[in-house]
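Inspection log for the structure reproduced underneath, given as structure tokens.
The values are calculated or read from the model by the stated rules, or taken from the named source; none is laboratory data. In this text the structure is predicted, and so the values were computed from the model without any measurement. For neighbour counting, all protein chains shown are included, and Cβ atoms are generated from backbone atoms with ideal geometry for every residue, glycine included. Just so you know, the surface numbers come from the protein's heavy atoms only, side chains and all, with ligands and any DNA or RNA stripped out. Shrake-Rupley method; radii C 1.70, N 1.55, O 1.52, S 1.80 Å.
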Amino acid sequence: MNSNSVLSMEEIREAGVCIVALAGRIDSTNANDVTTRLTNLISSGEKSIVVDLGAVLYLTSAAFRALLVATDAADRSAAKFALCSLARNVRQLFEMGGLLELFTIHPSRQEALAARG
Amino acid sequence: MPSKTAPKAGLHSVLAKIGSLLAIPADRVIAKKPATLAYGLDERPPVVVIWISAAQHVGVVSIFMVYPLIIAREAGLPPDQIANILQLGFIALAVATLLQALPRGPIGSRLLAPSIFTGVYLAPSLLAVKLGGLPLVWGMTIFAGLVEIALSRVWSRLRPFIPPESAGLVVFLVGTIIGLAALRVVLDDGPSGALTAQDGIVAGCALAVMAALNIWNKGRLKLFCILIGMVVGYAVSGLVGLLTLHDLSDLLNRPLLAFPTLSRVSWTFDSSLVLPFAVTGLAAAMNSTAVVTTYQRLTDADWVRPDMTSIARGVFGDGIAATIAALLGTYGLVVSTANVGLVAATGVASRVIGFAVGAVLVVAALQPTLIGVLTIMPRPVMAAALLFTAVFIMISGVQIISTRVLDGRRTLVIGMGMMSFIGVSVYPAAFTGAPHWAQPLVTSPLVLATIVALSLNLLFRIGIRRKVEAAVDPDARDTESISNFIERNAGIWGARRDVIDRIEFAVQQTIDAVIAFCSPKGPIRLDISYDEFVIDAVVSYGGAPMEFPTQPPTREEILDTEGGHLRLAGFLIRRYADRMGVTGDNDQTVVRLHFDH
């Protein structure tokens, strides 16, 4: 990973749900790290994952692909996979790309957890 | 029975057809309604709200019938001909309001935006009526309308040359002209004219009621403050003898219904008035721009910048309406500043009300009693209504001006424009020595102020474009540095936050995709230039061109193919830039991203 891209990933477990909090920029230099982290969680048997994008500054098409790959892997493993807390500019990217309907998206982490429960 | 059901079915199909024409097209992006509005642009309020709102809009619009009234009185017309002009005026206003409310097609701003007769046309129309009577007023107003129509076709491209502060200046000066017209009306058209006691009492009472209701009334009466003030003015006029019993009995003896006639309408033209009326058409277009922009801000919670497509359609509709008004033999009109205030005050912005306003205006046009009430309007009542609305229009102009950062360049443009207006108003003989052909340009305060402001704006644009460049090493890319480079320079230029965000994403996404898929040879070059209204970002690299599709790739394409991922990048970049283009071959590619500011 390029050190300049400044992406951080943090895992938290809450109410039986694995929350992956991403922060910084996600582009082609680090999107594979996101894919690997998420698909590893799914293949290790994780059945409920929420990716918190609240601290993501921006993402490029590489990030969308990484999230789609994870969604696809979760579907095949019968795991629940959702995104939450999209900042205004990040949500605008999803809208502009016509990508909103490809993901399950919750307004906040609390609402994502409630939906999982 | 077939004979009875057939016409009914026919009527239903006609109504259904009309309904479908007036409905919002399915592909329309609906504006997010601000919390301050009770009914948004595309919402349909209850029927009662629609008709009460329509009546209020017609009440506001009626006040500005004073302009054709002033011109008709100046032409020395008898009361029956004045009434005919006002009837036709209501029909012209109905057409104008309907054009602006149309939900589709190339005409109209698609807003609840009634039109009014305007002070913009007052000075040149007074000149025309003196030179050639009403036919010359109507002929030259057709010309001004055609100028506005022509301008609407290129209005988006003229944006850098007609900035918002200049449009705000025109709105302010139109307000000033209306205020001066109020004084002229009450001082009986003479520089040494003194205010009579009768006029002073009537105008003072009417103005006091309007101001008191506007400032201290917290309820619905505030919305009707001008109308109530005028009613009080009529009553006081009766008490002081400005209105007589004969006037009232004449009103009561009028027929219930009367149709206007076009038999006295004719049109003449005078080349010496071409320039003042051309500038009037320009001023009307600038006024419409300011009004439609205000509506856009009022009705869209996510508003960030003027929608030039809607503005150009609004100017187009405005020009057509002014031309129709002149063909009908009335007076020049524009989209109403005063009615924006009504929409803001009531929170009812539904476009559908525009059709109800049109219907009420047509009904009003056929009512001789209503027209009669307007034709006998006492001069001090007229003056009070004009003065009251003038100050609100002036402050609207100031608000539009103050939305811009007023640097030295803009201060000089606005200040010199204002000084030109004041100078010619105070010293009307200042330019009597100017060449004959230039006289129409330098003797009208509004025309001169508009020309001075637009000319200085054009002059001060010299040297405004700024440019910065950077190089990105594909093997040691530093996204933080690229971000800082864009933020730092755009910040220095005073670019808007939303535009900076779009530039940053589009540039980072372009560089990201180029490095990932286009195997660039050597450094990627980034040039960004700025000229206040436009920011261009140019990304150049040695390598194959990217694809920028107009449709997004499917989920499967993104997941399964490298091309799908690249097309998603290209699609997002295309969506984020206002315009874009790509040139080059496998050796050198240039991606140009254009952002309106």
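Out of the residues in segment A:20-36 meeting the condition of being out of contact with any Leu (no Cβ under 8 Å at 6 or more places or on another chain) and surrounded by 20 or more Cβ atoms within 10 Å (Cβ to Cβ), tell me which one is nearest to the other protein chains (Cβ to nearest Cβ).
A:S28
The rows are residues; the columns are (1) hydroxyl-bearing (S, T, Y); (2) in contact with a Pro (Cβ under 7 Å, 6 or more places away or on another chain).
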{"position": "B:F259", "(1), (2)": "no, no"}
{"position": "B:L262", "(1), (2)": "no, no"}
{"position": "B:V265", "(1), (2)": "no, no"}
{"position": "B:F269", "(1), (2)": "no, no"}
{"position": "B:L273", "(1), (2)": "no, yes"}
{"position": "B:A278", "(1), (2)": "no, no"}
{"position": "B:T289", "(1), (2)": "yes, no"}
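Starting from residues that are in contact with a strand residue (DSSP E or B) (Cβ under 7 Å, 6 or more places away or on another chain) and within 12 Å of another protein chain (Cβ to nearest Cβ), keep the ones in segment B:464-482 and report whichever is nearest to A:A31 (Cα to Cα).
B:T479
Residue by residue through segment B:506-526, note down the ones that are within 11 Å of chain A (Cβ to nearest Cβ) and open to solvent by 10 Å² or more (accessible area, probe 1.4 Å).
B:I515, B:A516, B:F517
Among the residues of segment B:465-486, write down those that are at pLDDT 90 or above and assigned to a strand (DSSP E or B).
Once the filter is applied, which keeps residues that are at pLDDT 90 or above and assigned to a strand (DSSP E or B), segment B:465-486 yields B:K467, B:V468, B:E469, B:A470, B:A471, B:V472.
Residues are listed down the side, and each one gets a yes or a no for (1) in a loop (DSSP other than H, G, I, E, B); (2) at pLDDT below 85:
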residue	(1), (2)
B:I30	yes, yes
B:G76	yes, no
B:P106	yes, no
B:L111	yes, no
B:I116	no, no
B:P124	no, no
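Are any residues in segment B:60-74 open to solvent by less than 10 Å² (accessible area, probe 1.4 Å) and either among the basic types (K, R) or in a helix (DSSP H, G or I) (or both), and if so, which ones?
Listed by number, the residues that qualify are B:V61, B:I63, B:V66, B:Y67, B:P68, B:L69, B:I71, B:A72.
Among the candidates B:F595, B:F533, which residue alone is of a type in the set (F, W, Y), at negative phi, more than 10 Å from chain A (Cβ to nearest Cβ) and crowded, with 20+ Cβ neighbours inside 10 Å?
B:F595
Return the residue satisfying two criteria in turn: it lies in segment B:48-82 and is more than 22 Å from B:G341 (Cα to Cα) and among the hydrophobic types (A, V, I, L, M, F, W, C), and of such residues it is farthest from the chain's Cα centre (by Cα).
In this case the residue turns out to be B:L77.
Kindly provide the set of residues from segment B:553-586 that are open to solvent by 60 Å² or more (accessible area, probe 1.4 Å), part of a helix (DSSP H, G or I) and either hydroxyl-bearing (S, T, Y) or within 7 Å of chain A (Cβ to nearest Cβ) (or both), ordered by number.
The answer is B:R575, and nothing else.
Give me a count of the residues in segment B:483-495 that are within 14 Å of chain A (Cβ to nearest Cβ) and either among the hydroxyl-bearing types (S, T, Y) or open to solvent by 10 Å² or more (accessible area, probe 1.4 Å) (or both).
Here the count works out to 4.
Answer yes if at least one residue in segment B:440-449 is modelled with pLDDT of 80 or more, surrounded by fewer than 13 Cβ atoms within 10 Å (Cβ to Cβ) and β-branched (V, I, T), and no otherwise.
So far as segment B:440-449 goes, no, none of its residues is modelled with pLDDT of 80 or more, surrounded by fewer than 13 Cβ atoms within 10 Å (Cβ to Cβ) and β-branched (V, I, T).
Could you say whether any residue in segment B:279-287 is out of contact with any strand residue (DSSP E or B) (no Cβ under 7 Å at 6 or more places or on another chain), modelled with pLDDT under 90 and over 24 Å from B:V120 (Cα atoms)?
No, segment B:279-287 contains no residue that is out of contact with any strand residue (DSSP E or B) (no Cβ under 7 Å at 6 or more places or on another chain), modelled with pLDDT under 90 and over 24 Å from B:V120 (Cα atoms).
Kindly list, by first and then second residue, each pair from a residue in segment B:172-183 that is open to solvent by 20 Å² or more (accessible area, probe 1.4 Å) to a residue that is in a helix (DSSP H, G or I) and among the polar types (S, T, N, Q), limited to pairs with Cβ atoms under 9 Å and residues at least 6 apart or on different chains.
Listed pairs, sorted by first residue: B:F172/B:S396; B:T176/B:S425; B:L180/B:S425.
Modelled with pLDDT of 85 or more, part of a helix (DSSP H, G or I), of a type in the set (S, T, Y) and crowded, with 20+ Cβ neighbours inside 10 Å: is that true of B:T411 in this structure?
Taking the combined requirement at face value, the residue does not satisfy it.
Identify, please: which residue in segment B:263-272 is open to solvent by 90 Å² or more (accessible area, probe 1.4 Å) and under 29 Å from the mean Cα position of the chain (by Cα) and is, among those, modelled with the lowest pLDDT?
B:S271
Would it be correct to say that B:T589 is more than 9 Å from every other protein chain (Cβ to nearest Cβ) and within 19 Å of A:L102 (Cα to Cα)?
Against the criterion (more than 9 Å from every other protein chain (Cβ to nearest Cβ) and within 19 Å of A:L102 (Cα to Cα)), B:T589 does not qualify.
Exactly one of these conditions fails for B:G108: (1) in contact with a Ser or Thr (Cβ under 7 Å, 6 or more places away or on another chain); (2) within 18 Å of B:G319 (Cβ to Cβ); (3) open to solvent by less than 10 Å² (accessible area, probe 1.4 Å). Give me its number.
Just one mismatch for B:G108, condition (1).
Among the residues of segment B:544-552, is any away from chain A (no Cβ under 12 Å), more than 17 Å from A:G97 (Cα to Cα) and in a strand (DSSP E or B)?
Among the residues of segment B:544-552, not one is away from chain A (no Cβ under 12 Å), more than 17 Å from A:G97 (Cα to Cα) and in a strand (DSSP E or B), which makes the answer no.
Which number in (1) under 15 Å from B:V49 (Cα atoms); (2) of a type outside the set (A, V, I, L, M, F, W, C); (3) part of a helix (DSSP H, G or I) marks the one condition that B:T323 misses?
Here B:T323 clears every test but (1).
If we scan segment B:562-578, do we find a residue that is over 38 Å from the mean Cα position of the chain (by Cα) and on the phi > 0 side of the Ramachandran plot?
No, because not a single residue in segment B:562-578 is over 38 Å from the mean Cα position of the chain (by Cα) and on the phi > 0 side of the Ramachandran plot.
So which strands (runs of 3 or more DSSP E) are wholly in segment A:1-87 and hold at least 1 residues that are out of contact with any Cys (no Cβ under 6 Å at 6 or more places or on another chain) and of a type in the set (F, W, Y)?
Hits in segment A:1-87: A:48-59, A:80-84.
What number goes with the only condition from (1) surrounded by fewer than 17 Cβ atoms within 10 Å (Cβ to Cβ); (2) part of a helix (DSSP H, G or I); (3) within 11 Å of chain B (Cβ to nearest Cβ) that A:G98 does not pass?
So the condition that A:G98 fails would be (2).
Looking at A:V56, A:V50, A:V90, which is the one that is at pLDDT 95 or above, on the phi < 0 side of the Ramachandran plot and either away from chain B (no Cβ under 12 Å) or under 13 Å from the mean Cα position of the chain (by Cα) (or both)?
A:V50
When you scan segment B:129-139, do you find a residue that is under 29 Å from B:N457 (Cα atoms) and out of contact with any Ser or Thr (no Cβ under 7 Å at 6 or more places or on another chain), even just one?
The answer is no, given that none of the residues of segment B:129-139 is under 29 Å from B:N457 (Cα atoms) and out of contact with any Ser or Thr (no Cβ under 7 Å at 6 or more places or on another chain).
For segment B:97-122, which positions are under 18 Å from B:A349 (Cβ atoms) and either over 13 Å from the mean Cα position of the chain (by Cα) or among the hydrophobic types (A, V, I, L, M, F, W, C) (or both)?
B:L98, B:L99, B:A101, B:L102, B:P103, B:L111, B:L112, B:A113, B:I116
Can you tell me which of (1) within 31 Å of the chain's Cα centre (by Cα); (2) modelled with pLDDT of 85 or more; (3) acidic (D, E); (4) in a helix (DSSP H, G or I) is the one B:D536 doesn't meet?
Status for B:D536: all satisfied but (4).
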